[in-house]
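Just so it is clear, none of the values below were taken in a lab; they were calculated from the coordinates. These numbers come from a predicted model, not from an experiment. Heads up, the Cβs are rebuilt from the backbone with ideal geometry, glycines too, and the neighbour counts pull from every protein chain shown.
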């Protein structure tokens with residue numbers, strides 16, 4: 001996994017960052033060594049306001065380690081990590097181990113690192129579709145519920161930088177898409193930069209501005225379509241990876257409402273589902289989460305879909 | 001009022017328990033019971049040193065415990081040994097080393113049983129001043145770092161990522177624990193200090209719905225066990241430390257039985273309006 005060549009990486013699709021724009025976090029040739037082994041090495045990374053950077057890669061490829069370097073939890077053994085002074089971070093860690101002896105309600109957990117009013121707590125939980133969990137005990141939550149609560153806590157802080165380590169692990173498929181939609185929405189409403197880690201290449205691809213594919217070092221980087229065409233990406237993820245973009249960026253022509261009705265793209269309602277869920281063959285459809293409709297009808301772009309055919 | 005040895009012991013034990021309760025909550029939340037054991041066993045080494053150098057026992061014990069705590073923090077960070085094995089190693093080495101040192105000092109007569117299990121006859125006015133002065137300070141500092149310490153307890157990574165510097169808070173917390181161990185040594189004895197930290201906190205768990213509430217209930221449960229234990233100790237002529245611990249254990253058992261439900265309801269009724 002060692003990278004003998006220490007020349008700075010200049011990926012083909014590196015998002016251009018203007019010099020005036022304050023970069024939120026920057027890693028330069030950063031690496032972490034544990035004993036004799038490098039967990040990850042030679043990572044260059046910047047996250048600017050309003051940008052979504054996604055780290056992908058197999059297990060043990062150094063994704064979480066890279067995020068922890070960016071956050072300052074781990075000090076790089078080589079290279080540099082810098083953050084904008086006064087940077088406010090919202091962090092969703094990969095794991096949360098709470099002892100059963102600790103009485104901790106969801107509401108109290110939301111207030112863990114900064115004070116929030118009841119209304120602010122409720123609003124954040126509503127955004128992630130977890131409002132009914134407000135008074136629940138943290139240790140009774142399921143995996144998916146925990147993710148929604150952790151995400152709510154991170155966004156309630158109104159952070160400059162949101163760091164999400166596997167934000168949809170354990171979340172059901174419909175919820176997963178809703179959460180990714182929410183993440184894009186947060187990016188535009190808060191204008192924060194987002195550093196995200198995911199195994200789930202299928203869904204990540206469409207939302208990210210920049211993808212960094214790790215395998216102990218940066219194996220490739222660029223925009224989703226650059227990465228999906230890269231040889232090293234295919235070598236790492238196998239043949240099915242090429243279809244990743246297509247699976248997500250299909251068009252929903254109708255939405256299932258909480259009351260069982262179906263709303264079509266033209267706004268009309270009917271009581272049952274026509275069965276053909278999409279205007280093309282990709283799988284999956286969007287059930288509304290927690291009663292809130294996640295309407296994706298504005299997303300259709302015929303040109304994009306044509307590209308996807310090629311990518312697959 | 002403090003002329004009577006028993007009153008002195010009572011006042012001292014209640015003071016110790018009130019401080020040990022809230023601190024003990026953090027010990028169990030952070031799964032650090034064995035860590036507390038290690039520090040309290042190291043206290044015996046502190047006693048031996050204080051006798052050798054003829055300096056104040058409580059201060060020496062506090063200093064030795066702090067040194068061991070910092071040592072542990074460093075060893076744990078270097079990841080060379082699993083922290084379980086490390087704690088076991090240090091805990092028993094410190095205990096054995098303390099006992100060997102005491103045995104070597106033939107010129108001092110030490111009440112070993114008193115050191116290991118507590119001795120209510122030995123409590124002086126100075127001890128009481130130390131307990132209330134030191135204990136009050138511990139509670140003040142704990143209140144100051146509460147939010148940070150609590151965040152670091154729930155998730156160290158999260159606290160570090162959001163800029164709360166959990167390493168510093170951890171260090172302060174260890175010093176506080178060392179101080180509590182030093183001031184409770186005479187009452188409870190080196191072998192059982194951890195019990196006074198852990199058992200009242202565990203008993204409080206069933207009766208509390210917020211962390212703050214649990215800290216308060218743990219302090220009160222500890223104080224109740226101290227009073228009950230000391231009276232039993234006087235009545236049955238048993239060593240004070242084990243008696244207090246048995247009393248705490250009884251309270252823990254009570255918190256488990258369905259009758260505990262009534263107490264829980266009472267507690268939540270009196271505190272129900274607080275978030």
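Here are some notes:
- Cα-Cα pairs of the stretch B:116-256 separated by more than 27 Å (percent): 27 percent
- With a simple spin-label model that places each label point 7 Å from the Cα along the Cα-to-Cβ direction, the separation between residue B:109 and residue A:235 comes to 8.1 nm.
- Relative exposure of B:71, A:141, B:196, judged by other C-beta atoms within 10 Å (fewest first): B:71, A:141, B:196
- Distance in nm between pseudo-label sites at residue A:99 and residue B:238 (7 Å out along the Cβ direction from Cα): 2.6 nm
- Coordinate range along principal axes, alpha carbons of the stretch B:92-138, Å, largest first: 35, 23, 18
- Taking 0.36 nm per residue of separation and subtracting the Cα-Cα distance, full extension of the segment from residue B:144 to residue B:55 would add 28.9 nm.
- Whole-number D in µm²/s for the stretch B:1-145 (Stokes-Einstein; Kirkwood sum over Cα pairs; 4 °C, 1.567 mPa s): 78 µm²/s
- Order of A:23, B:180 - criterion: other Cβ atoms within 10 Å of each residue's Cβ, fewest first: A:23, B:180
- Inter-site label distance for residue B:231 and residue A:199 at 7 Å from Cα along Cβ, in nm: 5.8 nm
- Rounded FRET efficiency, nearest 0.05, which uses the C-beta distance separating residue A:189 from residue B:137 and R0 of 45 Å: 0.45
- Rg ratio (alpha-carbon, reference 2.2 N^0.38 Å) - the stretch A:25-247: 1.01
- With the convex hull of its Cα atoms as the shape, the stretch B:26-92 has an orientation-averaged projected area of 4.6 nm².
- Percent RCO, i.e. relative contact order, over the stretch A:25-247, from Cα pairs under 8 Å lying at least 6 residues apart: 27 percent
- Considered as an equivalent ellipsoid built on the Cα gyration tensor, the stretch B:5-271 has semi-axes of 28, 25, 15 Å, the largest given first.
- Residue exposure sequence - A:233, A:173 - by fewest surrounding Cβ within 10 Å: A:173, A:233
- Gained length - residue A:80 relative to residue A:172, 0.36 nm times residue gap less alpha-carbon distance: 29.3 nm
- In the stretch A:128-221, the ratio of gyration radius to Kirkwood radius, Rg to Rh, stands at 0.98 when only Cα atoms are counted.
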